[in-house]
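Engineer: Dropping the structure in here first, questions after.
The values are calculated or read from the model by the stated rules, or taken from the named source; none is laboratory data. As the structure is a prediction and not an experimental result, all values here were calculated from the model. Backbone-built Cβ (ideal geometry, glycine too); neighbour counts: all protein chains shown. For the accessible areas, the whole protein counts, side chains as well, though only heavy atoms, and no ligand, DNA or RNA atoms are used. Shrake-Rupley method; radii C 1.70, N 1.55, O 1.52, S 1.80 Å.
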Amino acid sequence: MASKKVQRKITEQPSRYNHLEQMSVGELLQHINEEDRLVADAVSKALPQIEALVEAIEPHMKRGGRLFYVGAGTSGRLGVLDASELPPTFGVSEEWVVGIIAGGDEALRHAVENAEDIPEHGWYDLQAFHPKDDDVVIGIAASGTTPYVIGAIEHAKQYGLLTGCITSNPNTPLASVADYPIETIVGPEFVTGSSRMKSGTAQKMVLNMISTSLMIRMGRVRGNRMVKMQLKNAKLIDRGTRMLQEFLGLEYEEAQRRLLDAGSVDRVLREEHVLDPMDSDC
């Protein structure tokens, strides 16, 4: 296991503000917003780390590898959220990017006691997906000390998988075992220790960057359009129809008819040789 040395976590340091219960609603909102402004700067400083991880993941996914997010609590929920949004947005399989949370699906809505405290459970939950050589595992933990996440990354690395992590503290046990650590040092939380706030926001931003960059690099975007999105509702059908109007100069009704017949924007565009007919449809 990784080192268990005790360190003062920035995420656990006292808030810069005190006597919160005495503040007006306006004061509370103003100060939360002031703290939130620090998040983008912290993520900006981590861009070289994020770039290195994305560039390392890309060839693995192009060879058929999958991406797994592993986390507990808020971190786990954000990983599941990011993974679940990719199929409708980019038309990929639900098995391509997978979010795993300590305590299972029950933990998405309710706290599961001690679910994050057993290192072996992280790898156990990963094994249910039968990891293969080109799979990638990213551990998410604001503290950088969550046993469930560290255990998953340690075992994944021993198994030969590429690993990364996202944390809000420097030089953590989690970062020490991941191949590509990402550290977004957002500072103390507005409510002391409440890492669902700035740390969670930073995690969401980084996950957006990782998954969106990968989807673009994997050919799931044309220009700046989500041409492979799933037509799950009226809003998405309308969006796809307007894409075809823009690309092909069709009337709205004709564009919608062709979209619904083909099932996706990219299939219509490939039929019209606007996209490469060999473009990936995975």
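Engineer: Relative contact order of the stretch 67-127: what whole-number percent is it, with Cα pairs under 8 angstrom and at least 6 residues apart?
Structural biologist: Relative contact order here is 35 percent.
Engineer: Among Gly139, Tyr252, Gln22, pick out the residue whose Cα is farthest towards the positive end of the charge dipole of the chain, where Lys and Arg carry +1 and Asp and Glu carry -1 on C-beta, about the Cα centre.
Structural biologist: Final value for the positive-end residue is Gln22.
Engineer: Output ³J(HN,Hα) for the stretch 230-242: one whole-Hz value per residue in order, computed from phi by the Karplus curve 6.51 cos²θ - 1.76 cosθ + 1.60 with θ = phi - 60°, and x for Gly and Pro.
Structural biologist: 7, 8, 8, 7, 4, 4, 6, 5, 4, 4, x, 4, 5
Engineer: Also, quick follow-up: Any chance you could give the angle, 0 to 90 degrees and rounded to 10, that helix 25-45 forms with the longest Cα principal axis of the chain?
Structural biologist: Its long axis makes an angle of about 70 degrees.
Engineer: Determine the shape class of the stretch 87-218: with a ≥ b ≥ c the square roots of the Cα gyration tensor eigenvalues, call it rounded for a/c under 1.5, and otherwise prolate if a/b is greater than b/c, oblate otherwise.
Structural biologist: rounded
Engineer: How far is helix 252-262 tilted, in degrees, relative to the longest principal axis of the Cα atoms in the chain, given as a value from 0 to 90 rounded to the nearest 10?
Structural biologist: Here the helix axis deviates by roughly 80 degrees.
Engineer: Provide, as a two-decimal number, the C-alpha radius of gyration of the chain over 2.2 N^0.38 Å, N being how many residues it has.
Structural biologist: In units of the 2.2 N^0.38 Å rule of thumb, it is 1.12.
Engineer: Taking θ = phi - 60°, what integer Hz values does the Karplus form 6.51 cos²θ - 1.76 cosθ + 1.60 yield along the stretch 166-183, in sequence order, with x for Gly and Pro?
Structural biologist: Karplus values, whole Hz, x for Gly and Pro: 10, 9, 10, 10, x, 6, 8, x, 5, 5, 5, 9, 7, 5, 10, x, 10, 10.
Engineer: Can you tell me the 0 to 90 degree angle between the C-alpha axis of helix 47-62 and the longest principal axis of the chain, rounded to 10?
Structural biologist: Helix 47-62 sits at roughly 50 degrees to that axis.
Engineer: Alpha carbon centre of the stretch 30-77 versus the stretch 183-243: separation in Å?
Structural biologist: So the two Cα centres are separated by 10 Å.
Engineer: Do any GluC sites (Glu not before Pro) in the stretch 102-200 lie in a DSSP loop with no more than 13 other beta carbon atoms within 10 Å, and if so, which?
Structural biologist: Loop-located and lightly packed - Glu113.
Engineer: A follow-up question, please. With only alpha-carbon atoms in the gyration tensor, what are the semi-axes of the equivalent ellipsoid for the stretch 1-158, in Å, largest first?
Structural biologist: Its equivalent ellipsoid spans semi-axes of 31, 20, 17 Å.
Engineer: Estimate the FRET efficiency between Lys235 and Glu21 by the formula 1/(1 + (r/R0)^6), using the beta-carbon distance for r and 41 Å for R0, to the nearest 0.05.
Structural biologist: It comes to 0.50.
Engineer: Can you work out the accessible area per residue across the stretch 10-116, with the rest of the protein chains kept in place, probe 1.4 Å, in square angstrom?
Structural biologist: 53 Å²
Engineer: When a/c reaches 1.5 or more, the comparison of a/b and b/c decides; with that in mind, is the stretch 78-132 rounded, prolate or oblate per its Cα gyration tensor?
Structural biologist: Cα axes put the stretch 78-132 in the oblate bin.
Engineer: Turning to a different aspect of this structure: Quick one: net charge of Ile50's neighbours, Cβ under 15 Å, K/R +1, D/E -1?
Structural biologist: That sum, taken over residues with Cβ under 15 Å, equals -4.
Engineer: At what distance in nm do the modelled label points of His130 and Thr192 sit from each other, each positioned 7 Å from its Cα along Cα→Cβ?
Structural biologist: It works out to 5.0 nm between the two label points.
Engineer: Let me ask something additional. Residues of the stretch 55-91 with the amide nitrogen closer than 13 Å to a label point 7 Å from the Cα of Asp36, along Cα-to-Cβ, please.
Structural biologist: none
Engineer: For Leu108, put the label point 7 Å out on the Cα→Cβ axis and report which residues of the stretch 205-248 keep their amide N under 20 Å from it.
Structural biologist: 205, 207-208, 211-212, 230-233
Engineer: OK, next. Given H placed on each backbone N at 1.01 Å, which residues far from Leu162 in sequence or on other chains put an amide H within less than 5 Å of it?
Structural biologist: Result for Leu162 returns Val137.
Engineer: Step through the residues of the stretch 211-216 one at a time and calculate ³J(HN,Hα) from phi using the Karplus curve (6.51 cos²θ - 1.76 cosθ + 1.60, θ = phi - 60°), rounding each to whole Hz and writing x for Gly and Pro.
Structural biologist: Karplus values, whole Hz, x for Gly and Pro: 5, 5, 4, 5, 5, 5.
Engineer: Moving on to the next point. Want the number for Glu271 to Lys45: 0.36 nm per residue separation, take away the alpha-carbon distance, what's left?
Structural biologist: 77.0 nm
Engineer: Collect residues whose amide H, placed 1.01 Å from N in the peptide plane, falls under 5 Å from the amide H of Ile100; neighbours closer than 5 in sequence don't count.
Structural biologist: Under 5 Å from the amide H of Ile100 lie the amide H atoms of Tyr69, Val70, Gly71, each far enough along the sequence or on another chain.
Engineer: Going 7 Å from the Cα of Asn208 along its beta-carbon direction, which residues of the stretch 65-87 have the amide nitrogen within less than 19 Å of the resulting point?
Structural biologist: Counting backbone N atoms under 19 Å from the label point, the list is 74-87.
Engineer: While we're on this one: May I ask what percent, to the nearest 5, of DSSP beta bridges between residues of the chain are antiparallel?
Structural biologist: So the antiparallel bridges amount to about 5 percent of the total.
Engineer: Now a separate question. Determine the dipole magnitude for the stretch 1-74: charges of +1 sit on the beta-carbon of Lys and Arg, -1 on that of Asp and Glu, nothing else is charged, the reference point is the Cα centre, and the result goes in debye to the nearest 20.
Structural biologist: The dipole magnitude comes to about 580 debye.
Engineer: Compute the relative contact order of the stretch 224-276 as a whole-number percentage, counting only Cα pairs closer than 8 Å that sit 6 or more residues apart in sequence.
Structural biologist: The value is 35 percent.
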